[in-house]
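Please read the structure below before turning to the comments.
Read-outs throughout are calculated quantities, based only on the coordinates presented, and are distinct from any laboratory measurement. Keep in mind that this is a model prediction, so the values were computed, not measured. As a convention, Cβ positions derive from the backbone with ideal geometry for all residues, glycine included, and neighbour counts pool all protein chains shown.
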Amino acid sequence: MDNTSLFVVVLLTGLALVILGLTAAILLSPKSINFQKGETYECGLPTRGTSWMQFRVGYYLYAILFLMFDVETIFLFPWATVVRQLGTSGFISVLIFVVILGLGLAYAWRKGVLKWT
């Protein structure tokens, strides 16, 4: 079996499993019609006032930085599994990667993104 046909088999199998799972969920799930299902869920309490409120942009930037460095850290795990096979060139390339991340963190720190007040 060549690579193309193997890819098609895996793709069709994945698609069939997704369709099978969704169909089973629709057919087997309990069904009840209730007016409260259409309402907005807020911890079981009815909302008071407007839901639109302002918040500081710093929280958003802090969360984006966290996600960015979290995802970048995930890229280090595959490297760590084959670090001995890569040799010096692999070590230097990851060192450059970490230095670039450090520069990004230093830039964010210098701009005051990490301050909460």
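Points worth noting:
- The magnitude of the dipole of the chain, with charges of +1 and -1 set on the Cβ of Lys/Arg and Asp/Glu and taken from the Cα centre, is near 440 debye.
- Gain upon complete extension [Val71, Ala106; 0.36 nm per residue less C-alpha separation]: 10.8 nm
- Farthest toward positive dipole pole in the chain [+1 Lys/Arg, -1 Asp/Glu at C-beta], among Leu105, Ser93, Phe35: Leu105
- Against the set (i) 9, 17, 16, 24, 23, 10, 1; (ii) 13, 32, 39, 15, 1; (iii) 12, 38, 29, 13, 6, 1, 0, the structure's computed P(r) over Cα pairs in 10 Å bins from 0, in percent falls on (i).
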